[in-house]
Amino acid sequence: MTVSIFVEGSDDKRFIEDLFECLDPINNIGEITVIEGYTNLYHYENTIELTNDLGGKNYIIFDADQNKSGKIFEIKRIENKLSCSMDYYFLPNNDGPGDLEDLLIQIINSKHQIIIDCFDNYQDCLNNVEKGYTIPSKKALVYAYCEAILEKKSKKKNGRYRDYFDKELWNIESVALNPLKDFLKKILEFNRL
């Protein structure tokens, strides 16, 4: 069956690919398309329409951020325009606000929690200084976590090269992943039809 999966960035793509491999190491789900932000979804209307015409399904996995309703509005606009439906999931848990990095922080190897705690203390310190420093993003926190553990020259600190099967860094069996894994299982089941 034809399946089209759309994600916002290359870090998301790498993570979703590894989770698919965790769930079903034998079957390839196919291409996951990086659209570089939800506002670019309209550029893929032809792909969405073709997938729909072939009896396939379109799936979207986006960060909820603080604007989940705006993203749902854009998805619904395209669904109405193309007379099709798309299944979607919003990271980190399809429920509240957040993003991929929120989910990654939840699945770190617990023996390295001290790295996250130290980074939180660093952010608190910057917040309390009157100079108006920029507080590092969650993306920077995840990178710093990987950098603290991995070899200096390792490309695996960068999201698009990360190995989420590396148990030293990640716990892909974490219950925090269950809602996303359930969504991905639906995609796998449809793809097997």
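The values are calculated or read from the model by the stated rules, or taken from the named source; none is laboratory data. Given the structure is predicted, the values throughout are model-derived calculations rather than measurements. Methodologically, a virtual Cβ is constructed for each residue, glycine included, from the backbone with ideal geometry; neighbour enumeration extends over all protein chains shown. Surface accessibility is based on the protein's heavy atoms, side chains included, excluding ligands, DNA and RNA. Shrake-Rupley method; radii C 1.70, N 1.55, O 1.52, S 1.80 Å.
Can you tell me the equivalent ellipsoid semi-axes for region 1-93? Use √(5λ) from the Cα gyration tensor, largest first, whole Å.
Semi-axes, largest first: 20, 18, 10 Å.
In a Gaussian network model over the chain where Cα atoms closer than 10 Å are linked, find which of 129, 34, 142 has the largest mean-square fluctuation.
Looking only at 129, 34, 142, the biggest GNM fluctuation is shown by 129.
State to the nearest 20 debye the size of the charge dipole of region 41-147 about its Cα centre, where the only charges are +1 on K and R beta carbons and -1 on D and E beta carbons.
That gives a dipole near 140 debye.
For every other residue with a beta carbon closer than 14 angstrom to the beta carbon of residue 56, add +1 if it is Lys or Arg and -1 if Asp or Glu, then tell me the sum.
Residues near residue 56 contribute -2 overall.
Want the number for residue 22 to residue 87: 0.36 nm per residue separation, take away the alpha-carbon distance, what's left?
Length gained, residue 22 through residue 87: 21.3 nm.
Near residue 185, within a Cβ-to-Cβ distance under 11 Å, what is the net charge of the other residues, with Lys and Arg +1 and Asp and Glu -1?
Around residue 185, the charge tally is 0.
On a 20 Å Cα-Cα criterion, which of the cross-link pairs 57/81; 13/186; 139/185; 13/139; 13/71 come out too long?
139/185
Treating only the Cβ of Lys, Arg, Asp and Glu as charged (+1, +1, -1, -1), what charge dipole size does the chain show about its Cα centre? Round to the nearest 20 debye.
Roughly 220 debye for the chain.
Relative contact order for the chain using alpha-carbon pairs under 8 Å, separation at least 6, rounded to a whole percent?
RCO, the chain: 25 percent.
Could you work out the helix-only [θ] at 222 nm for the chain, with each DSSP H run of four or more residues adding -39,500 (n - 2.57) and the total divided by the number of residues, to the nearest 500 deg cm²/dmol?
Result for the chain, helices only: -14500 deg cm²/dmol.
Would you list the P(r) distribution for the chain, with all Cα-Cα distances sorted into 5 Å bins from 0 and each bin expressed as a whole %?
P(r) over the chain, rounded to whole percents: 1, 7, 15, 18, 18, 15, 11, 7, 4, 2, 1, 0.
So what is the accessible area of region 57-193 per residue, in Å², with the probe set to 1.4 Å?
That works out to 57 Å² per residue.
Which residues make up the longest stretch of the chain that has no GluC sites (Glu not before Pro) in a DSSP loop with at most 15 other Cβ atoms within 10 Å?
For GluC sites (Glu not before Pro) (loop position, at most 15 other Cβ atoms within 10 Å), the longest site-free span of the chain is 37-129.
Can you tell me what the convex hull of the Cα atoms of region 92-193 projects to on average, as an area in nm²?
8.3
For region 61-127, count the residues as N, evaluate 2.2 N^0.38 Å, and divide the Cα radius of gyration by that value, please.
It is 1.54.
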